[in-house]
Amino acid sequence: MTCCGQPEVTATSRHYVDRLFDPDPQKVLQGVIDMKNAVIGNNKQKANLIVLGAVPRLLYLLQQSSSSDMLRTECAVVLGSLAMGTENNIKSLVDCHIIPALLQGLLSPNVSFIEACLRCLRTVFISPVTPVQLLYSDLTVIPHFICLLSQSLHTQEYITQIFSHCCKTPDHQTVLFNHGAIQNIAPLLNSSSPKVRMQALKCFSVLAYENTQVSMTLVNVLVDGEPLTQVFVRMMQRDKPIEMQLTAAKCLTYMCRAGAIRTDDSSIVLKTLPCLVRMCSKDRLLEERVEGAETLAFLVEPDVDLQRIASVTDHLLAMLADYFKYPSSVSTIADIKRVSWAEITEHLIYAPSRLNNKSFSVQLDHDLKHAHELRQAAFRLYASLGSNDEDIRKKITETENMMDRIVSGLSESSIKVRLAAVRCLHSLSRSVQQLRTSFHDHAVWKPLMKLLQNAPDEVLIMASSTLCNLLLEFSPSKEPILESGVIELLCSLTQSDSPALRVNGIWALMNMAFQADQKVKMEIVRSLGTDHLFRLLSDPDPNVLMKTLGLLRNLLSTRPHIDQLMGSHGKQIMQAVTLILEGEHSIEVKDQTLCILANIADGNTAKELIMTNDDMLQKIKYYMGHSHVKLQLAATFCISNLIWNEEDGSQERQDKLREMGFVDILHKLSQATDPNLCDRAKTAMQQYLA
């Protein structure tokens, strides 16, 4: 538009606003109608009117009891049209308090006005810039919405669409559930309006997502005498719209994951799973392929039988490989679309502000987004499919260029793709065979280590969890990872505010210390710092405590290592053991602690730290008589190591323990009903008889 044309548009816009202030109500009405016609499809006109203050005046007219129903309705229509412009328009409307004004308008007895208010509210609430909490701040709004469902097909469509967009949290689900959303929306699934049916179905998908209470209720709901689950199954039939098939499959998926439907139920195995696999095929739209794969990944994630069925349905593994064939760089997409790369570069350098106005630029952004989403969905589904079954993992790694794609995915620009790629890698890293072959051949530890240097916590958690598996003793990657200086990195993770990162850091160190040489063990102790190591033994997270005990147990293995570590840190270690055995801890924690004590008892000089500590010997005696066999076994193993005949000073130790009553306890345990405990006690008794 030329410079001289701008004032004309502004003057025209000002004229529309001025007419809203005319003292003649009829002229005001005609002015609003003319404004409505002027803004349809004209974003510039909408922006001008908002800047010139049309919104506050329209809201004033809408709220005046003296305004006619027709004027109020037309005002709501114009506001709805303004809301269909840019996100900035929505922000301006929300800032002018349009939502409370429209909600107040819903109290009117006039159905046409109610519909216009709801239509505008729908447009405002489906925008990502509108805070959804505005729907829930007034406790009377949701029950009133529920009451308005019976007014017309339009109110049903708009209200269910608002609910499906604004139900974002478990609290939102609870509010809708408590106000009878399920009972009132269920009949709409048989509505004569396809739009109402679709929006009602979407409501159920957001209500059921990760919500056991809602899902358990849904299985008992009848719609015109038909179980709701069967209505969903019917909506997945191939002759139904794809959006309906996909949303119905999501409803059943969420109900299954919440435990309301068994994983071996025919509605899941024979209907939902095949429907979602269909959505992954090449003839589906990109959005549908993404949503289908993401939902299928969620469905099969915890169940190995569903993973096996899915992996052999319609060549799914090969089908997913096509997800990576969609270009992920602007240059490649530009080539495909015959868009000049020089033209893109020129716009980036000389006219970046106008770039988004170019249709090809918008399309390129759209295509890049889909390329990333396709990769993300494929990685996620591969991760779910390979999380349990060794054969499936092997098939995944043998799929065309799969390991190369994962390695590339770890360094993609999209953080979501990187997260999905590392999830997939983590799933495959549970395989001993893959750790020894594919992981070694492709040196996956290198991009994984790079990812650990600087990433959000969500990525760090998954990457460090994968690293734990790569540090297992049979992994060929363990040595090069050790040589890369990973110990400092892992020690830093143990100081994170995130319990999951602390667990993974200490877990990886535990795996690293297993059967390691003394140099590695001492480097771990030095880098971790003894003060921090003992702080981890009082960590509030039980998983951190368990893994720290596991690390300590691995550090205290082989006699020279045991004696050296106990020689330098014995007092602190014995204090930590005492505190745990006296504290309120789980059987697993106390068992691990007693196993550490048994390792100490196996040292040449270290065992004297137990023998000279009568309080600790009394604790061992207590646990030998414990009601839990696992603790009795571990405590008996301690005594067995202390009295072993072939070691110096064994006679003195045997005599002292006899005086303390340990022989009587061993004799009693040698008659225990548990065969392992019985054998261990007999082995210990034999040391006295030798």
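The values are calculated or read from the model by the stated rules, or taken from the named source; none is laboratory data. Only a predicted model underlies this, so the values are computations on that prediction, with no experimental measurement involved. Cβ placement follows ideal geometry from the backbone for every residue including glycine, while neighbour counts extend to all protein chains displayed. Keep in mind that these areas ignore ligands, DNA and RNA; they rest on the heavy atoms of the full protein, side chains included. Shrake-Rupley method; radii C 1.70, N 1.55, O 1.52, S 1.80 Å.
Here are a few things to note about the model shown:
- Farthest positive-ward along segment 94-218 dipole, Cα basis, beta-carbon charges - from F204, V124, S192: S192
- For segment 1-106, applying the loop criterion from DSSP together with a ceiling of 14 other beta carbons within 10 Å to the chymotrypsin sites (Phe, Trp or Tyr not before Pro) yields F21.
- Separation of the alpha carbons by more than 31 angstrom is noted, of K271/K446; K202/K282; K44/K325, for K271/K446; K44/K325.
- Mean sequence separation of contacting Cα pairs (under 8 Å, at least six apart), scaled by the length of segment 73-226, corresponds to a relative contact order of 19 percent.
- About the Cα centre, charge dipole magnitude for segment 501-620 (Lys/Arg +1, Asp/Glu -1 at Cβ), debye: 340 debye
- Within the shell of other residues whose beta carbon sits under 10 angstrom from the beta carbon of H561, the net charge comes to 0, with Lys and Arg scored +1 and Asp and Glu -1.
- Residue order for R526, R197 - accessible surface, 1.4 angstrom probe, largest first: R526, R197
- Protection-proxy order for peptides 476-483, 377-384, 673-680, each taking the mean of Cβ atoms within 10 Å per residue, highest first: 377-384, 476-483, 673-680
- Solvent exposure of D283, expressed as accessible area, is near 110 Å², computed with a probe of 1.4 Å over the protein chains only.
- Residue-wise HN-Hα couplings along segment 388-393, as the Karplus relation 6.51 cos²θ - 1.76 cosθ + 1.60 with θ = phi - 60° gives them from phi, are 9, 9, 5, 5, 5, 4 Hz; Gly and Pro carry x.
- Estimated [θ] at 222 nm from DSSP helical runs (n ≥ 4, -39500 (n - 2.57)) normalised by residues in the chain, nearest 500: -21000 deg cm²/dmol
- Relative contact order for segment 478-539, counting Cα pairs under 8 Å that sit 6 or more residues apart, in percent: 29 percent
- C-alpha long axis of helix 341-350 to longest principal axis of the chain, angle in °: 80 degrees
- Residues D171, D34, ordered by accessible area of protein heavy atoms at a 1.4 angstrom probe radius and largest first, appear as D171, D34.
- Computed from backbone phi with θ = phi - 60° and the Karplus coefficients 6.51, -1.76 and 1.60, the 3J(HN,Hα) list for segment 110-117 is 7, 5, 4, 5, 4, 4, 5, 5 Hz; x is used for glycine and proline.
- The fraction of accessible area contributed by carbon and sulfur in segment 463-529 is 54 percent, rounded to a whole number (1.4 Å probe; ligands and nucleic acids excluded).
- The relative contact order of the chain comes to 5 percent, based on Cα pairs under 8 Å that sit 6 or more residues apart.
- Cβ-based net charge around L306, under 14 Å, with every Lys or Arg adding one and every Asp or Glu removing one: -2
- Computed magnitude of the charge dipole of the chain (debye, nearest 20; Cβ of K, R +1, Cβ of D, E -1): 1260 debye
- Area of D441 that stays accessible when all protein chains are in place (1.4 Å probe, Å², to 10): 120 Å²
- Counted by Cβ distance under 13 Å from S538, the other residues give a net charge of -3, where Lys and Arg count +1 and Asp and Glu count -1.
- Between segment 492-508 and segment 586-646, the Cα center-to-center distance that results, in Å: 29 Å
- When the Cα positions of T558, S640, Q183 are compared along the charge dipole of the chain, Q183 comes out farthest toward the positive end, with charges on each C-beta of Lys, Arg, Asp and Glu.
- In the chain, the longest principal axis of the Cα atoms and the axis of helix 194-208 are about 30 degrees apart.
- Charge-dipole axis of the chain as Lys and Arg at +1 and Asp and Glu at -1 on Cβ define it, positive-most pick from L102, A443, T272: L102
- Surface accessible to a 1.4 Å probe, per residue, for the residues of the chain, Å²: 45 Å²
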